[in-house]
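Step one of this worksheet: look at the structure below.
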(Lines give C-alpha, C1' and ligand atoms only; values in the text may rest on other atoms or scores of the structure.)
Protein backbone atom coordinates (compact mmCIF):
# COMPACT_ATOMS: atom_id res chain seq x y z
CA UNK A 1 0.00 0.00 0.00
CA UNK A 2 1.27 3.48 -0.84
CA UNK A 3 2.14 6.02 1.82
CA UNK A 4 1.24 9.69 1.98
CA UNK A 5 2.58 12.63 3.94
CA UNK A 6 0.20 15.22 5.32
CA UNK A 7 1.43 18.63 6.45
CA UNK A 8 -0.92 19.78 9.18
CA UNK A 9 -0.83 23.20 10.86
CA UNK A 10 -1.63 23.14 14.57
CA UNK A 11 -2.68 26.43 16.15
CA UNK A 12 -2.06 26.80 19.91
CA UNK A 13 -4.64 28.03 22.41
CA UNK A 14 -2.01 30.28 23.97
CA UNK A 15 1.74 30.86 23.93
CA UNK A 16 3.38 27.43 24.17
CA UNK A 17 5.31 27.27 27.43
CA UNK A 18 6.82 23.83 26.91
CA UNK A 19 7.14 23.10 23.20
CA UNK A 20 8.89 19.74 23.71
CA UNK A 21 6.04 18.49 25.89
CA UNK A 22 3.44 19.46 23.27
CA UNK A 23 5.45 17.70 20.55
CA UNK A 24 5.52 14.52 22.64
CA UNK A 25 1.75 14.78 23.20
CA UNK A 26 1.27 15.06 19.43
CA UNK A 27 3.37 11.91 18.85
CA UNK A 28 1.38 9.99 21.46
CA UNK A 29 -1.97 11.08 20.01
CA UNK A 30 -1.34 9.66 16.53
CA UNK A 31 -2.93 6.34 15.53
CA UNK A 32 -0.66 3.27 15.40
CA UNK A 33 -0.39 3.16 11.61
CA UNK A 34 0.93 6.74 11.30
CA UNK A 35 4.26 8.28 12.26
CA UNK A 36 5.48 11.78 12.87
CA UNK A 37 8.18 12.64 10.33
CA UNK A 38 9.01 16.07 11.76
CA UNK A 39 7.54 19.21 13.32
CA UNK A 40 8.40 22.74 12.19
CA UNK A 41 7.71 25.99 14.02
CA UNK A 42 5.90 28.85 12.28
CA UNK A 43 5.71 32.17 14.15
CA UNK A 44 2.24 33.72 13.98
CA UNK A 45 2.33 36.93 16.02
CA UNK A 46 3.15 38.29 19.47
CA UNK A 47 4.94 35.17 20.66
CA UNK A 48 2.41 32.69 19.27
CA UNK A 49 3.98 29.84 17.34
CA UNK A 50 2.03 27.39 15.19
CA UNK A 51 3.41 23.90 14.70
CA UNK A 52 3.52 22.28 11.26
CA UNK A 53 3.40 18.50 11.75
CA UNK A 54 4.46 16.32 8.82
CA UNK A 55 2.81 12.93 9.32
CA UNK A 56 3.36 9.75 7.28
CA UNK A 57 0.32 7.47 6.96
CA UNK A 58 -1.03 4.74 4.69
CA UNK A 59 -3.05 5.84 1.67
CA UNK A 60 -6.41 4.57 2.86
CA UNK A 61 -9.81 6.15 3.12
CA UNK A 62 -10.49 8.00 6.34
CA UNK A 63 -6.94 8.01 7.72
CA UNK A 64 -6.50 11.77 7.48
CA UNK A 65 -9.79 12.40 9.27
CA UNK A 66 -8.74 10.06 12.10
CA UNK A 67 -5.45 11.93 12.50
CA UNK A 68 -7.12 15.34 12.47
CA UNK A 69 -9.59 14.20 15.13
CA UNK A 70 -6.80 12.79 17.31
CA UNK A 71 -4.82 16.04 17.03
CA UNK A 72 -7.86 18.14 18.01
CA UNK A 73 -7.90 16.25 21.34
CA UNK A 74 -4.31 17.23 22.24
CA UNK A 75 -4.25 19.64 25.16
CA UNK A 76 -3.27 23.15 24.06
CA UNK A 77 -4.30 22.86 20.40
CA UNK A 78 -7.15 25.12 19.37
CA UNK A 79 -7.35 24.50 15.62
CA UNK A 80 -6.12 21.93 13.09
CA UNK A 81 -5.67 22.82 9.41
CA UNK A 82 -4.44 20.42 6.71
CA UNK A 83 -2.10 22.33 4.42
CA UNK A 84 -0.85 19.69 1.98
CA UNK A 85 -1.21 15.98 1.30
CA UNK A 86 1.18 14.21 -1.07
CA UNK A 87 2.14 10.68 -2.02
CA UNK A 88 5.64 9.42 -1.25
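If I go through segment 51-73 residue by residue, how many of them are within 19 Å of residue 14 (Cα to Cα) and surrounded by 17 or more Cβ atoms within 10 Å (Cβ to Cβ)?
Result for segment 51-73: 3.
For residue 8, state whether it is assigned to a loop (DSSP other than H, G, I, E, B) and either under 19 Å from residue 78 (Cβ atoms) or within 12 Å of the chain's Cα centre (by Cα) (or both).
Spelling it out, it is not the case that residue 8 is assigned to a loop (DSSP other than H, G, I, E, B) and either under 19 Å from residue 78 (Cβ atoms) or within 12 Å of the chain's Cα centre (by Cα) (or both).
Among the residues of segment 41-76, write down those that are out of contact with any helix residue (DSSP H, G or I) (no Cβ under 8 Å at 6 or more places or on another chain), modelled with pLDDT of 95 or more and assigned to a strand (DSSP E or B).
52, 54, 56
Any chance segment 17-40 includes a residue that's touching a residue at least 40 places away in the same chain (Cβ under 8 Å), in a strand (DSSP E or B) and either surrounded by 14 or more Cβ atoms within 10 Å (Cβ to Cβ) or out of contact with any strand residue (DSSP E or B) (no Cβ under 9 Å at 6 or more places or on another chain) (or both)?
Checking segment 17-40: not a single residue is touching a residue at least 40 places away in the same chain (Cβ under 8 Å), in a strand (DSSP E or B) and either surrounded by 14 or more Cβ atoms within 10 Å (Cβ to Cβ) or out of contact with any strand residue (DSSP E or B) (no Cβ under 9 Å at 6 or more places or on another chain) (or both).
Please work out which residue is modelled with the lowest pLDDT, limiting yourself to segment 1-16 and to residues that are more than 13 Å from residue 85 (Cβ to Cβ) and surrounded by 14 or more Cβ atoms within 10 Å (Cβ to Cβ).
Checking each candidate, the answer is 16.
The values are calculated or read from the model by the stated rules, or taken from the named source; none is laboratory data. Predicted, not measured: the structure shown is a model, and the values here were computed from it. We place every Cβ from the backbone using ideal geometry, glycine too, and count neighbours over all the protein chains shown.
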